[in-house]
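Everything below concerns the one structure shown next.
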Amino acid sequence: MPSLDVNMSLFDKNRLNIIIGAYGSGKSEVSVNFAKLMKESHPDQKVLLADMDIVNPFYRSADAAKKLEESDIRIVFPSYAGSNVDAPVLSGEMYIIFDDESYAGVFDIGGEDMGANVLGYLKSRLEGIDAGLYMVVNTLRPFTSDPMGIAQMTHELQEAARMKITGYINNTNLLEYTTPEHIMEGEKIIMEASKLTGIPLLATTIMDGVDKSSLKLECEEIITLSRTIHYDY
């Protein structure tokens, strides 16, 4: 059984980590934590976090943005993000990761398959960089609550992105109401989906504060997340 006390190295395998998933999967929280872990692992590395959600382009994380800037992580937003303008566009700043090899980073892709179309537009650039495409799955959200739903979402996202997903990240949670049972059941469901798609489960996340004493997980990589994004209702 893997250790539950050590953040391991999924985030450190590629110069660019691309995070996709269904609405409510926790993509942004995983993206923020990935960027922080990359910086903590290599303090001298330049790290970029690009919020590439042009479908719902409100970066819901004034708190996270401040923490990332304090950690010397460069943040890129879609033009007009957080405004009432209906035609947001990607910032040219994001291209620095393709043109400057001193940068590593994370692309936070929003909007399910519609948002994943962005990756199709970048296909020629992405072919020239060491990148991993990870699908974040929360089995306590609609459309990804069972293996068939996850498989269908996987197909839609891969078609839109024109890229094969490298692996799943189990991010099953109910925020502060998450129990070890939720996480373990989520892992089982995603592993069943993996049999359908051939895409491996590469990591399971555990929000800091969840009681780990009763967790029994099969996944080799455990990533402890710190809560950085707080939603206003």
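A few points about this structure:
- Close Cβ contacts (under 7 Å, 6 or more residues apart or on different chains) running from residues in the range 121-146 that are within 24 Å of Tyr95 (Cα to Cα) and outside any strand (DSSP E or B) to residues that are of a type in the set (A, V, I, L, M) and at pLDDT 95 or above comprise Ile129/Leu16; Asp130/Leu16.
- Just one of the numbered conditions (1) open to solvent by less than 60 Å² (accessible area, probe 1.4 Å); (2) touching a residue at least 24 places away in the same chain (Cβ under 8 Å) is not true of Glu156: (1).
Residue-by-condition table, conditions (1) modelled with pLDDT of 95 or more; (2) outside any loop (DSSP other than H, G, I, E, B); (3) open to solvent by 10 Å² or more (accessible area, probe 1.4 Å); (4) polar (S, T, N, Q):
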| site | (1), (2), (3), (4) |
| --- | --- |
| Ala151 | yes, yes, yes, no |
| Ile199 | yes, no, no, no |
| Lys212 | no, no, yes, no |
| Thr224 | no, yes, yes, yes |
| Asp232 | no, no, yes, no |
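- Just so you know, in the range 4-34 the residues that are modelled with pLDDT of 90 or more and aliphatic (A, V, I, L, M) include one that is surrounded by the fewest Cβ atoms within 10 Å (Cβ to Cβ), and it is Leu16.
- Looking at Glu185, Glu220, just one residue is free of Cβ contacts under 8 Å to residues at least 60 places away in the same chain, open to solvent by 10 Å² or more (accessible area, probe 1.4 Å) and more than 29 Å from Leu122 (Cα to Cα), and that residue is Glu185.
- All conditions but one from (1) out of contact with any Pro (no Cβ under 7 Å at 6 or more places or on another chain); (2) open to solvent by 50 Å² or more (accessible area, probe 1.4 Å); (3) of a type in the set (D, E, K, R); (4) not in a loop (DSSP other than H, G, I, E, B) apply to Glu192; the one that does not is (1).
The values are calculated or read from the model by the stated rules, or taken from the named source; none is laboratory data. Only a predicted model underlies this, so the values are computations on that prediction, with no experimental measurement involved. Neighbour counts are summed over all protein chains in view; Cβ atoms, including those assigned to glycine, are modelled from backbone coordinates with ideal geometry. Accessible surface is based on the protein model in full, side chains and every heavy atom, while ligands, DNA and RNA are left aside. Shrake-Rupley method; radii C 1.70, N 1.55, O 1.52, S 1.80 Å.
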